[in-house]
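Okay, structure first, notes after.
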Amino acid sequence: MKLYLAAIALLPTLLFSTPARAFDPADIQQLLDTRACANCDLSGADLSQQHLIGADLRGANLQGSNLSESNLEGADLTGANLANSNLTDAYLTNATLADANLNGINLTRAQIYHADVSGATMQNMNLTDADIFGTSISIGGD
């Protein structure tokens with residue numbers, strides 16, 4: 001009975017608590033100030049409409065982040081985790097996405113020109129109206 005009452009007492013805390021952020025706001029500020037945040041945990045961060053031209057995001061965890069309308073021209077995302085991220089209307093010209101996790105990424109209307117995606121995992125990507133040129137991304141099965 002005591003266990004049951006304890007569970008009921010915790011229920012409001014579980015239902016109305018704010019979800020924990022994985023990213024450190026200091027890492028976001030570092031990225032915006034220096035365009036460098038290799039190996040940072042930026043998962044779930046809102047980086048929409050940012051100018052991240054030439055940013056060093058090698059090995060960064062950007063899982064579930066919002067990079068919509070961001071300019072990632074020439075950015076180095078080698079080995080980055082972009083799984084389930086939103087890159088709607090993003091610019092990825094000359095970006096390096098080698099060995100990156102691109103599973104579940106939303107690239108709706110993204111412009112992807114001459115990006116390096118060698119070794120990247122690319123399953124369940126949304127490429128609706130994406131403009132892809134000189135990049136080894138294709139639609140189809142195995």
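Projected over every direction and averaged, the convex hull enclosing the alpha-carbon atoms of the stretch 57-142 yields 4.4 nm².
Each residue, F133 and Q30, gets one label point 7 Å from its Cα in the Cβ direction; the gap between the two is 3.6 nm.
When you count the other C-beta atoms within 10 angstrom of each residue and take the mean per peptide, 75-83, 42-50 line up highest first as 75-83, 42-50. Highest mean packing comes first when the peptides 110-117, 30-37, 54-61 are listed by Cβ atoms within 10 Å, giving 54-61, 110-117, 30-37.
Since every read-out is calculated from the coordinates, none of them should be taken as a lab result. As the structure is a computational prediction, the values presented were derived from the model and not from experiment. Neighbour counts are summed over all protein chains in view; Cβ atoms, including those assigned to glycine, are modelled from backbone coordinates with ideal geometry.
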